[in-house]
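To keep things clear, I will list the structure first and then write my remarks on it.
The values are calculated or read from the model by the stated rules, or taken from the named source; none is laboratory data. Predicted, not measured: the structure shown is a model, and the values here were computed from it. Note: ideal-geometry Cβ built from the backbone for every residue, glycine included; neighbour counts use all protein chains shown. Quick note on the areas: whole protein, heavy atoms, side chains included, nothing else; ligands and nucleic acids left out. Shrake-Rupley method; radii C 1.70, N 1.55, O 1.52, S 1.80 Å.
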Amino acid sequence: MTLHTLSMGSLYLMSGPPASGKSTLLKNLNLPEGAVISSDSIRNQLYGVKKYFKGGVEKGSLYGWDKNGYTVFAIMAEMINARLREGLTTFVDAMNLEDIDRKYFIDLAQKIGCDYKVMIFNVPLDELHRRNNARYFEVSPEIIDEGFKKFQRTSEYPYITIEPEDTVELTPLTLKGTHFDVVGDCHGLLDDFLKLLKKLGYQHNEEGVPYHPEGRKLVFLGDVIDRGQQSVLMLHYVEQAVRLGGHYFIPGNHEEKLARTWEFWVKTGEAVGRSRSNTETFLSLMKQPMDVQERLIRFIQHQPAYRIIETPHEQFACVHSDIEYFNPLETPRSGVMYGSSFNGDYDTDLKYQEAYEKGLNQYTLLRGHVLSTSFQNNVHSIEFDQAYDGDLAILQIDKYVEAKHVQRMPVQRAFDEACAKQR
């Protein structure tokens, strides 16, 4: 028996003949509603079920098998596309017997820049027939035989093979350890940011990529652009740090706005800025060669909207904005992009803490976007109005954990001790 570990936020294609156990495995994962896009469920919704008795036992079969499958799969594609754009874990429950069938859905993931994997269910033919006879939605034995013969048990795409006794678990995008430096909003202040990095012992290689002698890694919480005068340079710097230095970046609402402005311009030829700072950054980006523009925009679009930092003492959810609830399996990308405090009119940090204490939130939240709406033990804003004569800030996870859990400092003092700043 093998345990297969799957990362949240990806597209997974179930592949196998009827009765191979695809739907049963998905039910055992206790997925949130909407995570499974099923061809049978859509066909049921569209056309309904024909009921009958076989050997005195009620059975059912779906109407619509005699119809062109385009409508069903077009609906599936729209649903999958919407979920992948929000970074939501999505399973496609259909036969997907061959790569030519799988390609239809994998093309969606590739266009968005989402990871994907084919899950191939390897079940002997006699077991398929046994299971089929016991199912409510029984299919004809000929369909089982035909599917088994046609079934492609490997793939040109990334895949795993699921044997009958195997199990599957889902895990969030997790960084393990304590040598992480979590960076608040930088807003185009590259020179000030480099000064702060130097204080913390970072150096740069010949390509200008930051590294630390202790192997520390940076985790940027987004909004590295707009307001400051070095926005595109800052975005270049972060993209290189991630691509060449193994650091991490979580896009913020300012990056998302830039990507939308750029894509609208590519599609229509019209430059429509969403704010003064967005327009300034967009015009600066337009001075770059087209391949550079595309690389930076794709970089923004293809980065995950969160990271979990797991230490021996505490787990941290790193996101961009102030939020009330976070679950890596349920929270959409847009849900962590803009926040809901409206610059202090609503105390989201208190709401998050209340949900944490009731067990709804499982992680200590590290965020940027707006100033702290209130002090809480399990919510920390690394935002200090850096673009308005405030401070750039970086929270060093190891120092925070040491102060809070080993030295038993009060939480606010532990945070202050571990938070380096640069005016």
Output the pairs from LYS59/LYS149; LYS199/LYS404; LYS22/LYS150 with a Cα-Cα distance over 19 Å in this structure; if there are none, say none.
LYS59/LYS149; LYS199/LYS404
Kindly provide log₁₀ I(q)/I(0) values, in the same order as q = 0.07, 0.12 Å⁻¹, from the Debye equation applied to equal alpha-carbon scatterers of the chain.
-0.42, -1.01
Reduced Cα scattering model of segment 1-93, Debye log10 I(q)/I(0), q = 0.13, 0.17, 0.25 Å⁻¹
-0.54, -0.86, -1.40
Most to least packed among 324-335, 369-380 [average Cβ atoms within 10 Å]
369-380, 324-335
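Sorted by packing (mean other beta-carbon atoms within 10 Å per residue), highest first, where do 298-310, 32-44 land?
Details: 298-310: 19.6, 32-44: 16.7.
Packing proxy ranking, top to bottom: 298-310, 32-44.
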Just the number, please: percent antiparallel of the DSSP beta bridges in the chain, rounded to the nearest 5.
35
In Hz, Karplus ³J(HN,Hα) per residue of segment 14-24 (6.51, -1.76, 1.60; θ = phi - 60°; x = Gly, Pro)
6, 9, x, x, x, 6, 8, x, 4, 5, 5
Residues whose modelled amide H sits under 5 Å from the amide H of VAL49, counting only those 5 or more places away in sequence or on another chain, are TYR63
Restricting things to Cα coordinates, could you compute the convex hull volume per residue of segment 301-411 in Å³?
121
Solvent-accessible ranking of ILE397, ILE75, largest area first, probe 1.4 Å:
ILE75, ILE397
If you project the alpha carbons of segment 194-299 onto the principal axes, what extent comes out on each, in Å, largest first?
48, 24, 20
18 Å tail of the calculated P(r), segment 48-119, as % of Cα pairs
51
Taking amide H positions as placed 1.01 Å from N in the peptide plane, with prolines and chain starts having none, which residues 5 or more places from SER7, or on another chain, fall under 5 Å of its amide H?
THR171
Mind jotting down the three principal axis lengths of segment 111-239 based on Cα atoms? Whole angstrom, largest first.
70, 30, 30
Give the residue from PRO164, SER231, TYR47 lying farthest towards the positive end of the charge dipole for the chain; charges sit on Cβ (+1 for Lys and Arg, -1 for Asp and Glu) and the dipole is referred to the Cα centre.
TYR47
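Could you work out the mean projected area of the convex hull around the alpha carbons of segment 281-363, in square nanometres to one decimal? Walk me through the intermediate numbers first.
Details: hull surface 30.2 nm².
It is 7.5 nm².
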Output wanted: per-residue J couplings in Hz (rounded whole) for segment 40-50, from phi through Karplus 6.51 cos²θ - 1.76 cosθ + 1.60, θ = phi - 60°, x for Gly and Pro.
5, 5, 5, 4, 5, 5, 7, 10, x, 10, 9
